[in-house]
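Report on one structure; see the data block that follows.
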Amino acid sequence: MMAPPNVPHVMAWRHPRPVGAEGRCIGRTNLPVDRRKAKRLAHRIRRAARQHGWPRVVHTSSLQRCAAVGRQLRHWGWRHHIHDDLLEMDFGAWDGLCWSQIAHADVDAWCQDFAHHAPGGGESLNAMLQRVACSLARLSTHASRLQAATSISSPYAAGHDDNASVPVLIVAHAGWILSARWVVRHTAAPTHAGEWPPAPRYGEPCAWSATSLQYRPVEPASRR
């Protein structure tokens with residue numbers, strides 16, 4: 001018997017371009033975002049939800065570049081949920097610095113042990129992947145409840161396929177989106193930095209269907 005999906009149908013948009021990010025290592029640094037850009041992305045999400053009959057529920061991290069979009073949607077009557085497990089990677093002492101201020105040797109050390117080295121003493125990629133995997137499991141439970149509610153409540157479902165899964169709508173960080181894609185498609189963390197995909201553009205929508213999680217974290221032998 002096939003296991004039920006533990007990754008929900010997701011529609012994620014990368015947040016708008018934040019103010020002051022150019023040339024800097026930005027993870028948990030809480031940069032602001034232009035209000036007009038946040039409103040434009042919120043409008044695109046609202047329009048997509050109307051077109052597809054999606055529930056008016058959005059999830060974001062607490063960082064301004066994501067939360068500002070959620071607040072705008074809340075202003076229009078949406079429910080806005082904030083979760084710490086949707087945060088960007090924590091770069092520790094590197095966070096907020098210009099890349100030119102970070103020693104090349106430190107960056108090389110990260111690239112040489114890409115999955116397990118914690119850049120700046122913050123969060124390793126392996127820890128990020130595990131956090132995102134747990135986040136997806138939590139969102140899957142939310143999606144199941146939302147699906148049940150939507151099948152009963154006609155305002156969202158009218159005129160749309162009753163068998164279609166209801167997506168979880170997220171305004172997310174690039175690191176979270178790439179990590180979510182990775183744990184859905186791969187069983188282990190990347191072994192070197194060259195395997196890691198490029199970031200989506202600001203405001204770019206990213207989607208994946210409900211599926212089963214592939215990722216199975218394994219510590220290297222030297223760390224067991």
Checklist outcome for this item: Only unsatisfied item for TRP78, checking (1) touching a residue at least 60 places away in the same chain (Cβ under 8 Å); (2) hydrophobic (A, V, I, L, M, F, W, C); (3) open to solvent by less than 40 Å² (accessible area, probe 1.4 Å), is (1)
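Looking at region 114-132 only, could you name the residues that are open to solvent by 50 Å² or more (accessible area, probe 1.4 Å) and under 30 Å from PRO8 (Cα atoms)? Quick ask: steps written out before the conclusion?
First, the residues of region 114-132 that are open to solvent by 50 Å² or more (accessible area, probe 1.4 Å): 117, 121, 130.
If the condition is that a residue be open to solvent by 50 Å² or more (accessible area, probe 1.4 Å) and under 30 Å from PRO8 (Cα atoms), then HIS117, GLN130 are the ones that fit.
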Checklist entry - Which of the residues spanning region 196-220 are surrounded by fewer than 17 Cβ atoms within 10 Å (Cβ to Cβ), of a type outside the set (A, V, I, L, M, F, W, C), modelled with pLDDT under 95 and part of a loop (DSSP other than H, G, I, E, B)? => result SER209, SER212, GLN214, ARG216, PRO217, GLU219, PRO220
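I'm trying to understand the selection: among the residues of region 97-113, which are open to solvent by 20 Å² or more (accessible area, probe 1.4 Å) and either assigned to a loop (DSSP other than H, G, I, E, B) or under 16 Å from ARG35 (Cβ atoms) (or both)? Don't jump to the end; show me each part of the working.
Kept after step one, since they are open to solvent by 20 Å² or more (accessible area, probe 1.4 Å), are these residues of region 97-113: 97-101, 103-113.
Selection gives LEU97, ALA103, ASP113.
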Next on the checklist: For region 4-22, check the following and say yes or no: at least one residue is of a type in the set (Gly, Ala, Ser), free of Cβ contacts under 8 Å to residues at least 60 places away in the same chain and on the phi > 0 side of the Ramachandran plot.
Outcome noted: yes
Checklist outcome for this item: Pairs returned, first residue in region 168-181 that is more than 11 Å from ALA199 (Cα to Cα), second residue that is among the polar types (S, T, N, Q), beta-carbon separation under 6 angstrom, 6 or more apart or interchain, are VAL171/THR60
Next on the checklist: GLY92 - would you say it is surrounded by fewer than 16 Cβ atoms within 10 Å (Cβ to Cβ) and within 20 Å of ALA174 (Cα to Cα)?
Outcome noted: yes
Checklist entry - Could you say which residue among HIS9, HIS75, HIS43, HIS59 is within 18 Å of the chain's Cα centre (by Cα) and modelled with pLDDT of 95 or more? => result HIS59
Checklist entry - Just to be sure, is HIS104 in contact with a strand residue (DSSP E or B) (Cβ under 6 Å, 6 or more places away or on another chain) and either modelled with pLDDT of 95 or more or not hydroxyl-bearing (Ser, Thr, Tyr) (or both)? => result no
Item to check | Hey, ALA148 open to solvent by less than 70 Å² (accessible area, probe 1.4 Å), at negative phi, at pLDDT below 75 and of a type in the set (A, V, I, L, M) or not | outcome: yes
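Here is a yes/no grid of residues against (1) under 21 Å from SER144 (Cα atoms); (2) not in a helix (DSSP H, G or I):
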| residue | (1), (2) |
| --- | --- |
| ARG44 | no, no |
| ALA48 | yes, no |
| GLY70 | no, no |
| GLY77 | no, yes |
| MET89 | no, yes |
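Just the residues that are basic (Lys, Arg) and in contact with a Pro (Cβ under 6 Å, 6 or more places away or on another chain), please, taken from region 32-84. Working first, answer last.
Restricting attention to region 32-84, the residues satisfying the condition of being basic (Lys, Arg) are 35-37, 39-40, 44, 46-47, 50, 56, 65, 71, 74, 79.
Result: LYS37, ARG65.
The values are calculated or read from the model by the stated rules, or taken from the named source; none is laboratory data. Model, not experiment: these values are computed from the prediction. Note that we place each Cβ from the backbone using ideal geometry, even for glycine, and neighbour counts take in every protein chain shown. Ligands, DNA and RNA are stripped out before the accessible areas are found, and what is left, the full protein with its side chains, is counted by its heavy atoms. Shrake-Rupley method; radii C 1.70, N 1.55, O 1.52, S 1.80 Å.
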